[in-house]
Amino acid sequence: MLNSLENWLANAARLALPADVTLAIGPLVAPTGLPLLNVAASRLRPIGSQHDDNREPRQPAIRSRRFPLSSAGSVAEFLLPREIAAGDILEVELAPGRLARPGDDYEIRRTARSKPDDSAGRAPLAGENPGASQGAGCAAEWDETIVFCRPPPAGCALVVRDGQASGYRQVSACRVMIQLTAWAATAEMADALLAPLFASAFAAFAKVDRIELVRDERAGLVLRLLDPQADLAALERTVADGVSSSAPPPTRSSARLVVRGELETTVLLAEHPASATIECIDYTLNWSAGSGNSAGRTQFASTERRRLTDADV
């Protein structure tokens, strides 16, 4: 889970680092070669809320799907298909993790249109408003268009509602601890390597709105880090120990970051088909009365219906 965050930071950092510098992710005890850079997310911890039970309220889970805007990068207006209503748009994703903001980056424009109305010339149906039509033989409908202030980049997509789901969604404040480390032969070299890694991490968090930590549709679990903001917690420099070499031990320069944001947890439960329930049983009782041989007995039959109770289960 934290590996997704480490990979995301590492991909952003490689653009600013020399090609001959090794960048490793995950916790490291000692360097295997010099120079070496390391990105490690050590802990993600939800922060208790103000509720008495220290839990954020759970909301119903919602299934979503991505709808790519195929002409993104060249045009700024996109007519929404009939199966997508503006109210079903959950997010507008300009790039992975980066969202467009309504009002600032885009708006929804509604325009009236008309189509032939098969209700012309007939009586209104039950519950139908006879005054809803506009003109003879026409009914009012709307086209909805998403209009961007400037053409969005290629890869832009809409995240739209795809129906209610069994499960829940919970959002709680959280903190993430991240360690950025540089090992080098001297302190000057270690500091020089740490600086671009440190800068790239801050720039990456400044440009992102969502970081997807886990998406396992089969297991029914989605974890996202929302609105992360990174702050410097400490700068440290030590001599690396645990290195078996006759050369002087390398210098270790590190920056500890604390990232504050919200952890969105979505749990999607498997949909089971409705099971049949036995409500009652019809049965027939047969018995006989009298004594002696079968000719002297009287046969009786009765058909009854009885509803099951908890004691029968």
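The values are calculated or read from the model by the stated rules, or taken from the named source; none is laboratory data. Note that this is a predicted model, so its numbers are computed, not measured. Methodologically, a virtual Cβ is constructed for each residue, glycine included, from the backbone with ideal geometry; neighbour enumeration extends over all protein chains shown.
Can you tell me which residue in region 141-156 is nearest to Pro31 (Cα to Cα), limited to those that are crowded, with 19+ Cβ neighbours inside 10 Å and at pLDDT 95 or above? Working first, answer last.
Residues of region 141-156 that are crowded, with 19+ Cβ neighbours inside 10 Å, as a first pass: 146, 148, 152, 156.
Cutting the leftovers down to at pLDDT 95 or above gives us 146, 148.
Values: Ile146: 51, Phe148: 48 Å.
So the residue we want is Phe148.
Looking only at region 189-209, count how many residues are farther than 15 Å from Arg260 by Cβ and outside any helix (DSSP H, G or I).
Residues in region 189-209 being farther than 15 Å from Arg260 by Cβ and outside any helix (DSSP H, G or I): 1 in total.
Out of Arg215, Arg224, I need the residue that is assigned to a strand (DSSP E or B), closer than 26 Å to Glu271 by Cβ and at pLDDT below 95. Which one?
After ruling out the rest, the residue left standing is Arg215.
When the residues of region 21-77 are filtered to those that are more than 23 Å from Trp8 (Cβ to Cβ) and of a type in the set (Ser, Thr, Tyr), which remaining residue is modelled with the lowest pLDDT?
Ser49
Suppose we keep only residues that are among the small types (Gly, Ala, Ser) and at negative phi within region 1-32. Which one would you say is surrounded by the most Cβ atoms within 10 Å (Cβ to Cβ)? Give the steps one after another, and end with the answer.
Our first condition is that a residue be among the small types (Gly, Ala, Ser); within region 1-32, this holds for 4, 10, 12-13, 16, 19, 24, 26, 30.
With the extra rule that they be at negative phi, the set shrinks to 4, 10, 12-13, 16, 19, 24, 30.
Working: Ser4: 16, Ala10: 21, Ala12: 18, Ala13: 23, Ala16: 13, Ala19: 5, Ala24: 18, Ala30: 14.
My answer is Ala13.
Considering each of Gly33, Gly87 in turn, give the residue that is more than 26 Å from Ala230 (Cα to Cα) and part of a helix (DSSP H, G or I). Give the derivation first.
Working: Gly33 fails: part of a helix (DSSP H, G or I).
From the options Gly33, Gly87, the qualifying one is Gly87.
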